[in-house]
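To start, the structure under review is shown below, and the notes come after it.
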């Protein structure tokens, strides 16, 4: 706080005592606003940080050439601030400006890898066709700067796999996820990241219809998520595993995995997805296993969940529930399945 007061006072003194049209004054003001902005950034006061860094950028542009390292530092910081506000178009603009300078003055430096990695993440959110190329460049520069592959390399490989997966490049996704998994297992065995990589590797094999392989990776992810008590991750991977198992006629495994989904949401206020899970379990019991008593139980439980979602408790946030015609439609579907079972 004391440092911040000094920087703000410095800005006031410069403006009151010196000629603001003089180049040397611009340098002083740029430096003072930069220091204040970076300190506000550390203190997580985003709006004040943006205000001061924007002024620092303006003054720096007045006296500096377009390839100034300080310009890159300021625009990079502004990119981070706008990304933290989820204003991704603005973040992209500033990151792109920073990267264009870093690429010219320090193409193979660590700071360039960091900047292009942040830019890649924003491009991924914006679904840009350039995302893959920028992640690859980030990987190249990162590997130039480390003696052996580190956590950042593993993270970039994982991001490359994720982009390939969403782009339909499933074989490439498998390759990147396998590299990321090998590294992450070496660095942090049975961590959240390892579990997530197993999950995504399973998803990629599932897309390739290599479902036996997919199930192997899903099982590993489930094991780690259970040991880490990560309920959200456990729900997601168990659901994918159940659907995959059902697709290759491993119905008992599918039922067990759907039960893991229900266990993952046990004790949580928001259980809006349980009706879907119960309906799928009932469907397998009815059409595949011909176990009518269990099918009836699952459908009745699903119906109860649907009706609870139609009339959420007053204490619950309305956004936490799927309400209206969707829930009525689900209830109708479940009732139809109940009649079939009967």
Restricting attention to segment 245-290, the residues that are assigned to a helix (DSSP H, G or I), in contact with a helix residue (DSSP H, G or I) (Cβ under 7 Å, 6 or more places away or on another chain) and exposed (fewer than 15 other Cβ atoms within 10 Å of the Cβ) number exactly 1
Please tell me if residue 130 is out of contact with any strand residue (DSSP E or B) (no Cβ under 6 Å at 6 or more places or on another chain) and either under 30 Å from residue 104 (Cα atoms) or in contact (Cβ under 8 Å) with a residue 60 or more places away in the chain (or both).
yes
Residue 49 passes all but one of the listed conditions (1) closer than 20 Å to residue 135 by Cα; (2) surrounded by 23 or more Cβ atoms within 10 Å (Cβ to Cβ); the exception is number (1)
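We did not get these values from a lab; they are worked out from the coordinates using the rules stated. As the structure is a computational prediction, the values presented were derived from the model and not from experiment. A quick note on method: Cβ atoms are made from the backbone with ideal geometry, for glycine too, and the neighbour counts reach across all protein chains shown.
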